[in-house]
């Protein structure tokens, strides 16, 4: 098999597995969605990165001495049906890189990243990722059993909080904005000040 060093060597209509993904050796950032290659947006802008850093700062302090672990992109998360146990790389066809994720089961972590659904995922919208994060990833995260999903809207300075219900569907739990304190459903003792989250010197 020829060594894959350029994205142009791949057939974007082909279905690939995580085992294939691990053999690719090029700089293009991509995710694998049900076997299909999805090119990622250009590098996030300053506002996006400021928001990510601000969230990371708050969450890092909270999770410092806890079993749950916090990770930021780039970090591979392999997803599949929640009813299945941990799968081998050749049987996995979805790998994403959430902006931030929290994993509370250490058995899901290996040297490559997370094998299974994190407990909490946060995606910060970018102009090129809005449809993916609001539609495609929303469904992926629901199907795979991500308990809590936050979508962060930089321009509106808002956060939408989705939580899985008893029927394994997402319910919009809260819409945070302005100077609200955002509280994760899974970690009610944590309060995040939105004024600090959206503090950025980037002007557009």
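Any read-out appearing in this document is the output of simple, stated calculations on the displayed coordinates, not a laboratory observation. Since the model is a prediction, treat every value here as computed from it, not as a measurement. Counting neighbours? That spans all protein chains shown, and the Cβs are built from the backbone with ideal geometry, glycine included.
Miscellaneous remarks
- The angle between the Cα long axis of helix 46-63 and the longest principal axis of the Cα atoms of the chain comes to about 80 degrees, rounded to the nearest 10.
- Counting beta carbons within 10 Å around each of 137, 127 and listing the fewest first gives the order 127, 137.
- Three-way shape call for segment 1-98 based on the alpha-carbon gyration tensor, with the a/c threshold at 1.5: oblate
- D_trans [Stokes-Einstein, Kirkwood Rh over alpha-carbon pairs] for the chain, 10 °C, 1.306 mPa s, µm² s⁻¹: 90
- Overall, the ratio between the Cα radius of gyration of segment 84-204 and 2.2 N^0.38 Å, rounded to two decimals, is 1.12.
- Of the beta bridges in segment 50-200, as assigned by DSSP with both residues counted there, near 75 percent are antiparallel.
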